[in-house]
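These notes concern the structure reproduced below.
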Amino acid sequence: MGFIKSLEEIAKEYQPNAVFYDAEILTVYFETKPEVVKRLLPPPLEPAKDPFGGAFVANYPKTNFGVTYLESALFLLAEYNGVEGAYCLAMPVTNDMALVLGREVFGYPKKIANIQMKRDGENVEGWTERHETRFFEVRARLTGKFNDEAAQQMMMERMSSPASMDQVIYNFKYFPSPGRDGFDYNPRLIREVVELRPKAMEIGEAKLTLRSSEHDFWGEVEIVRVLGAVYTVGDNTMLPGSVVAEVDPMSFAPYALMKVDALRPI
């Protein structure tokens, strides 16, 4: 193995899917304002029926691509061509290879951050910080019930079968041109499916705090109410994604700096 890899070496190392074994994830679901969703979704994504979102903190102790790391993320519920999915606004990670693979393959808006997650009995908590600002904090008490009873019923119906646990994810894949005058290609809307196969699942009540800093703008997602939390441990699989649309570069430009800290990418 070296700078140059043979075709045989590439074929030997090829993995069609990314698999996360014994992934520990705490997800908090919330309701925001319709106008927030409308403002933050790049076209051609459209708001879903309900202005819901989710934020999670996760620990990945073993993967099939040789990386262990922590991750957090912020999503808004969206639709494209009538297919509901989660649009990823931000996804901090603690490992550079996890960042590269997620950004360059699927377009995830990843940045390196300090992330912590721990469980003590029925209490689970986590947080994320960058540049000395803790912009995401979550605390959950796994009491067996959501903050909102109606939301709990809806969520349990959605998780009634293994197939219903599959999550459609939307991201935009793009790169700035070397001439600093636009994009290398028209930005692409990527659709992928993540198979969630929990071996253990608990639900509970949660408290969620989102803040903004000079570089991370999680506080722009206003929390109207927290719906509840789901804590899972299981084996999750990221399936291959696909390009479902190309976007006009000028229309997408206002959304194109969420993966960098500087005003203009370097």
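Things worth noting here:
- Note on Thr133: accessible area is roughly 40 Å² with a 1.4 Å probe, heavy atoms of protein only.
- Within the chain, longest stretch free of exposed chymotrypsin sites (Phe, Trp or Tyr not before Pro) [DSSP loop, at most 10 other beta carbons within 10 Å]: 15-266
- Exposed trypsin sites (Lys or Arg not before Pro) absent: longest stretch of the chain, with sites in DSSP loops and at most 10 other Cβ within 10 Å deemed exposed: 50-179
- Gyration tensor (alpha-carbon) shape descriptor, the range 102-225, a/c threshold 1.5: oblate
- Dipole size of the range 1-92 about its Cα centre, with +1 on Lys/Arg Cβ and -1 on Asp/Glu Cβ: approximately 180 debye, rounded to the nearest 20.
- Shape call, the range 161-245: gyration tensor on alpha carbons, a/c limit 1.5: oblate
- Placing +1 on each Lys and Arg Cβ and -1 on each Asp and Glu Cβ, with no other charges, gives the range 121-266 a dipole about its Cα centre of roughly 100 debye.
- Largest to smallest in accessible area, the residues Leu76, Leu101 fall in the order Leu101, Leu76 (1.4 Å probe, all protein chains included).
- Cleavage-rule hits, GluC sites (Glu not before Pro), the range 202-241, DSSP coil, Cβ neighbours within 10 Å at most 10: Glu214
- When the chain is reduced to its Cα atoms, the Kirkwood hydrodynamic radius in Å: 19.2 Å
- Residues Val100 and Val244, FRET efficiency given R0 of 22 Å [Cβ-Cβ distance, rounded to 0.05]: 0.45
- Mean Cα-pair separation over length for the range 48-156, i.e. relative contact order, pairs under 8 Å, 6 or more apart, %: 17 percent
- Stretch gain in nm, segment Lys62-Val233, where the contour uses 0.36 nm per residue and the Cα spacing is subtracted: 60.3 nm
- Shape of the range 15-164, Cα gyration tensor, a/c cut at 1.5: rounded
- The H on the amide N of Ala90, modeled in the peptide plane, is under 5 Å from the matching H of Leu74, each at least 5 residues off or on a different chain.
- The mean sequence separation of alpha-carbon pairs under 8 Å and at least six residues apart, normalised by the residue count of the chain, gives a relative contact order of 22 percent.
- Cross-link table Lys33/Lys118; Lys118/Lys199; Lys49/Lys145; Lys38/Lys62; Lys145/Lys173, entries beyond 28 Å C-alpha to C-alpha: Lys33/Lys118; Lys38/Lys62; Lys145/Lys173
- The residue among Gly126, Gln153, Val37 whose Cα reaches farthest toward the positive pole of the charge dipole of the chain, with charges on the beta-carbon of Lys, Arg, Asp and Glu, is Gly126.
- Proximity of backbone amide H atoms, modeled 1.01 Å from N, is registered between Ala245 and Leu189 at under 5 Å, excluding neighbours fewer than 5 places apart on the same chain.
- Taking 0.36 nm per residue of separation and subtracting the current Cα-Cα distance, fully stretching the chain between Asp166 and Val224 would add 18.3 nm.
- Solvent-accessible surface ranking, highest first, for His131, His215 at 1.4 angstrom: His131, His215
- Contact order, relative form, for the range 121-264: 28 percent (alpha carbon pairs under 8 Å, 6 or more residues apart, mean separation divided by residue count).
The values are calculated or read from the model by the stated rules, or taken from the named source; none is laboratory data. Quick caveat: nothing in here was measured; it's all calculated off a predicted structure. No Cβ is skipped: glycine too gets one built from the backbone with ideal geometry, and neighbour counts run over all protein chains shown. Just so you know, the surface numbers come from the protein's heavy atoms only, side chains and all, with ligands and any DNA or RNA stripped out. Shrake-Rupley method; radii C 1.70, N 1.55, O 1.52, S 1.80 Å.
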